[in-house]
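The values are calculated or read from the model by the stated rules, or taken from the named source; none is laboratory data. Everything numeric here is computed off the predicted structure, so don't read it as measured data. Cβ placement follows ideal geometry from the backbone for every residue including glycine, while neighbour counts extend to all protein chains displayed.
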């Protein structure tokens, strides 16, 4: 049971931290050209996935904003 004096967590505080990505920020000096190309393709795929998720969230937010607009 929560006491009213306890600080409530915001939604952002309740979310788990995103996993760290082993492809981002690592030393690539020892990778082959093919390995670098593979990483680039993997990251491009991730960008496409993230852009789709962003578009979906923006559309959802716009719909909510329109529904509550007076």
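The figures follow:
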| quantity | calculated |
| --- | --- |
| Some residue of segment 2-12 being in a loop (DSSP other than H, G, I, E, B), at pLDDT below 95 and under 15 Å from the mean Cα position of the chain (by Cα) | no |
| Residue within segment 16-32 that is out of contact with any strand residue (DSSP E or B) (no Cβ under 9 Å at 6 or more places or on another chain) and assigned to a helix (DSSP H, G or I) present | no |
| Residues of segment 47-70 satisfying the condition of being assigned to a helix (DSSP H, G or I) and either touching a residue at least 24 places away in the same chain (Cβ under 8 Å) or more than 29 Å from residue 23 (Cα to Cα) (or both) | 59, 60, 61, 62, 63, 64, 65, 66, 67 |
